[in-house]
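K.L.:
Can you keep this structure in mind? I'll have questions shortly.
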Amino acid sequence: MMKKFLVISLAALFWLGGVSCVWAQGKTEIKIIGRDKGSVSSIQSNGVTYLDVQKTAKKLGANVELYAAAKQAKVTLKGFSAILTAGESTVVVNGSNVPLGESVIAYKGDIMAPVAFFTLPSWQQALDRQIEFKDNTLWVEKNFNLAYEDKLQTEQGDQLFFYHSGAVQYVLHSVNKHTLEITFPKAVVKREFTTRLRDDFIQTINMRQEEDKAVLRVILGRKAKNWSMEESGGKWVLRVAQNAQDMQPRADEPSAAEDGPQISSAPSAQPKPALLLPAPSVIGEADEDTPVQEKPSAAPASDKKELKPAIIQPAPAVARKKMRIMVDPGHGGKDPGAIRRGYREKTWNLAVAKELTALLKKAGFEVRMTRDTDKFIALSERSKMSNNFKADLFVSVHTNASKNSRANGFQVYFRSEKATDKEAAEVAALENEALQYEEVHYNFVDALLQSLAKNEYINESSKLAGYVRNAVYKQPGIGIAVNRNSSVRQANFYVLKGVNSPAILIEMGYISSSKDRARLSQKAVQKRMAQGIYNGIYDYAKKEGWLK
């Protein structure tokens, strides 16, 4: 009996390719470009993970041939050919022997390879992917040289940590009061994402790929007065704080998450000088030809010794500039908007917009209108006008319409790809009909790229919409219903696409409603409507620190 047991044991060891140790069967997850692609069979032995060659290679797009008698597998891909043999610790890749460190094994009719096979440089090159094995997961990513890794939020400020490799550079500038933009020429970002921190220093982070560059947009919170981009612990660190003294790393500063980037606090550490960008006296005032500060990823050694960190000057306590507001009277010219009983929407929109503009200017805001006469302006041109003006807010004034004559009331919208409900979607479709009057169709590729960043402003747009709704609700003498539970809505309005600021679209009432129509046709009501909208904008500006 003992001899029989010994023979079986030896046979089992041979079948496992010589692995004389305890093993455990399980599953290993596969993530490709951040997406869950399922799992494959795996076994653990002496701390080494072995993956099912056939199933793993097929999930990664390779062809696999099994030779059961010889206990071999052949994996092929364009420019790549590998032969794995059970019991061998090397594989033949494109005719050359490549060591794996551990032997390939045969298990229950399958060929199992140590995970090192799937991280071979030649395999990654053939797939045109970066592959990493971590936490029992095979991570397959596109070839990138820039990645967001972690964040650190404290009472003094926020920090964002980024991995980078190679000769990647960056250019940092401010778009407006709310937004920093960091461009990385020739960088490939690991993954596009939007993250909302919702604190006093950073509200939202958005990173996206744009052809030959990566773009990071950071929406700032109300306490953000100073920021810097520097290299620390082999990572790039974006710091945002209120006070200059909080910008530099401290010895007692808490580290980031355990598996995230770490900042060295050892006395012997020699961090590279920081590129410190103080909040300018006027954010967003620079013209397109204004030079911006640029930092290469590496400088000659002789230069490093002479570089010193710049001194950050805190921003003045008062508002840096007047808030800029673009007021957009909907429709115009050959585009009349909705028409009922001889009344044209474009006329009411312009009348109220003019009253609103006058009130805003009188209060000290810097204001422009997309049109101040009865002329046609393409929807895409309106957002460009706002961006060229470097507007801090975009307010589009409209009048609603419906086939249902009983529909009535004031509403205010902010843009979202998904409408609040069917009615909101119908309102957006109605306003988007203005596209039919455009002689030159908008570049929908540009529109798509622009819309990727617009989610950054959803929170601020929603907040502005709430202030305006509340103020119109409180304004006496308008006589148009304002439902406080459902009058702030969201839908995919084309005119709000591409606007680099919080943006809302106001539907003052329904021209198709006899009651609303009777009210909005009166000059006195139009003035009260403008007053209500103005009050909401004023309340928002005061809350956001634009006004004393």
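Values quoted throughout were computed directly from the atomic coordinates according to the rules given, and no laboratory measurement underlies them. Quick caveat: nothing in here was measured; it's all calculated off a predicted structure. Virtual Cβ from ideal backbone geometry, glycine too; neighbours counted across all protein chains shown.
K.L.:
Place a +1 charge on the Cβ of each Lys and Arg in the stretch 66-167 and a -1 charge on the Cβ of each Asp and Glu, then give the dipole magnitude about the Cα centre in debye, rounded to the nearest 20.
P.N.:
620 debye
K.L.:
If packing is taken as the average count of other Cβ atoms within 10 Å, what order do 157-164, 27-34 fall into, highest mean first?
P.N.:
Output ranking for 157-164, 27-34: 157-164, 27-34.
K.L.:
If packing is taken as the mean number of other Cβ atoms within 10 Å per residue, what is the order of 100-106, 61-67, highest first?
P.N.:
Result, highest mean first: 100-106, 61-67.
K.L.:
Of the peptides 473-483, 350-360, 527-537, how do they stack up when ordered by the mean number of other Cβ atoms within 10 Å, highest first?
P.N.:
On the way: 473-483: 15.9, 350-360: 21.2, 527-537: 23.5.
The peptides rank, most packed first, as 527-537, 350-360, 473-483.
K.L.:
Starting from the Cα gyration tensor of the stretch 318-392, take the square roots of the eigenvalues, sort them a ≥ b ≥ c, and report rounded, prolate or oblate (rounded when a/c is under 1.5, otherwise prolate if a/b is larger than b/c, else oblate).
P.N.:
Oblate, because a/c is 1.5 or more while a/b does not exceed b/c.
K.L.:
Within 14 Å, Cβ to Cβ, of residue 59, how many net charges do the neighbouring residues add up to if Lys/Arg are +1 and Asp/Glu are -1?
P.N.:
With Lys, Arg at +1 and Asp, Glu at -1, the neighbours total +4.
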